[in-house]
1. Provide the gained length on full extension for the span residue 404 to residue 226, in nm with one decimal, where the gain is 0.36 nm per separating residue minus the Cα-Cα distance.
2. Where in the stretch 386-420 does the label zone of residue 371 land, with the point 7 angstrom along Cα→C-beta and an amide N cut-off under 11 Å?
3. Cα atoms only, the stretch 384-461: Rg and Dmax in Å?
4. Once you charge only the Cβ atoms, +1 for Lys and Arg and -1 for Asp and Glu, what is the size of the charge dipole of the chain about its Cα centre, to the nearest 20 debye?
5. So for the chain, averaging the separation of alpha carbon pairs under 8 Å that are six or more residues apart and normalising by length, what relative contact order in percent results?
6. Taking every pair of Cα atoms in the stretch 313-392, average 1/r, invert it to obtain the Kirkwood radius, and report Rg/Rh to two decimals.
7. Can you list, largest first and rounded to whole Å, the semi-axes you get for the stretch 214-460 by taking the square root of 5 times each eigenvalue of its Cα gyration tensor?
8. Compute the relative contact order of the stretch 63-207 as a whole-number percentage, counting only Cα pairs closer than 8 Å that sit 6 or more residues apart in sequence.
Amino acid sequence: MLLPSHWHTTNLLLISTNLNILAVPFQLHKHLVKSFRSQSILFTTTLVLTILSCKEGGKWKGQAPIEVVETYTLPIQKQQIGTFDLGNGIFATNDFPGARLNGVVQSNDTLITALITSENTPINPSPWYAFKIWSETSQQMHLKITYQVGANHRYYPKLSYDGLNWAALDSSRYTKGEVLDIENNSRELPTSITMKLDLKPDTLWISAQELITSQHVKSWIDELAQLPYVSTTSIGESREKRSIHSLKIGNSDDKKMIMVISRQHPPEVTGYLAMKPFIEVISGDSELAEKFRSEFNTYVVPLANPDGVDNGHWRHSVGGIDLNRDWANFNQPETTAISEFLNERVAANNGKFYFGVDFHSTWEDIYYTSNPELKGNAPGLVPKVIEQSTRDIPGYEPNIRPGKIDGPRINSSSYFFHQFGAESLTFENGDDTPRELLKTKGKASAEKLMELLLEVDPSLL
Ligand SMILES: [Zn+2]
């Protein structure tokens, strides 16, 4: 594999591109969403195929049960950052936040091979990749993405020429590599994929999902915080000293509160894309939202793992840990900062959290809820929110998986429930769920949640 070359003129171009990302205005994010309308057919097709391929007599049963693991800090392997000179006037780079490209080489006149590896092992199968590539002269090339032994390809490639507007690769330009271990590989994931690309001097961005880094999230937060009833603070720092930002939405007295977090797991962009409209509805100008904000304050941590996101990690924090297994021992600064912040909110005004949601992504949409026999501060709230928010979506049947009564208490939603009595939800969104559907679900769940919380028997509140 080639090592990054030294600075040359193309780096200047990259620096200016990065500066543009820093200054990205809010309106451009709307374009990002719009651009997905044209892609929704492809995403729908992919979704249907995915669902068909893994149904075993009914709905998907979800991930294997959560296992208790140690959360002491572990070493990770950092990428070597730089620009790779592949010869023939072709260059690739991982020199931007959110990138992951561990090596790349020109294998022959028509084939480039990229290697993607994880931050450490063992690790969940969510191999994130993101890099830029360009050629001084226009030429068609095949680009093969390969992974470390034992890892399979998961995310269908998204392409962009500006890092903001993304479109799925045309399926006629996509080839799956070998599928191994059929018995344990029910989704028939290949060990590699190959894309046919038209390389040109314009920089092409290739990414596992839309690239949404800490800078994009900060732009969104700052835009929202211009509203008179929204404020933002930094509640702590990640291991690499990135700020963990929170939003407060509402002008109530903190007696009644809800909490929202997302992106503990870096590649889980579709979770973020459902969280965003959820929050925008709560901070919107409807009568319902206004009434809600006068009674309930909403606390949001939109990016719980900024180091993992900006380092292009597959799953873990820079402490080498799955943060969503650290909500009992709090060995990591990110989970510690969030839990201390939530506990302070309760202590400050003797308030209560009535609802807590953590947005994630997985193979398909699925809702992990608390066991219905366990009663929190608003019993029955979460199943009602799910049912009422999805019943108007044609053909959509929510997949709801209640937890076990005595399940391990090591993830965020069990912490929200057992520590605060907050009715809690792990809101999982499919990797390939059409982006418009993510928006619909995010918006509708916020609307139903507000309606139901305002209706809850006042004696319970
Ligand atoms: Zn997750």
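1. Fully extending the segment from residue 404 to residue 226 adds 59.9 nm.
2. Residues 403-408 qualify, since their backbone N sits under 11 Å from the label point.
3. Every Cα atom of the stretch 384-461 included, Rg and Dmax give 14.3, 42 Å.
4. Using Cβ point charges on Lys, Arg, Asp and Glu, the chain gives about 240 debye.
5. After rounding, I find 17 percent.
6. Result: Rg/Rh = 1.02.
7. Semi-axes from the Cα gyration tensor: 24, 21, 19 Å.
8. Result for the stretch 63-207 is 23 percent.
Values in this text are rule-based calculations from the coordinates and carry no lab data. What you see is a predicted model, and the numbers here were worked out from it, not measured in a lab. Cβ sites come from the backbone with ideal geometry, for glycine too, and all protein chains shown count toward neighbours.
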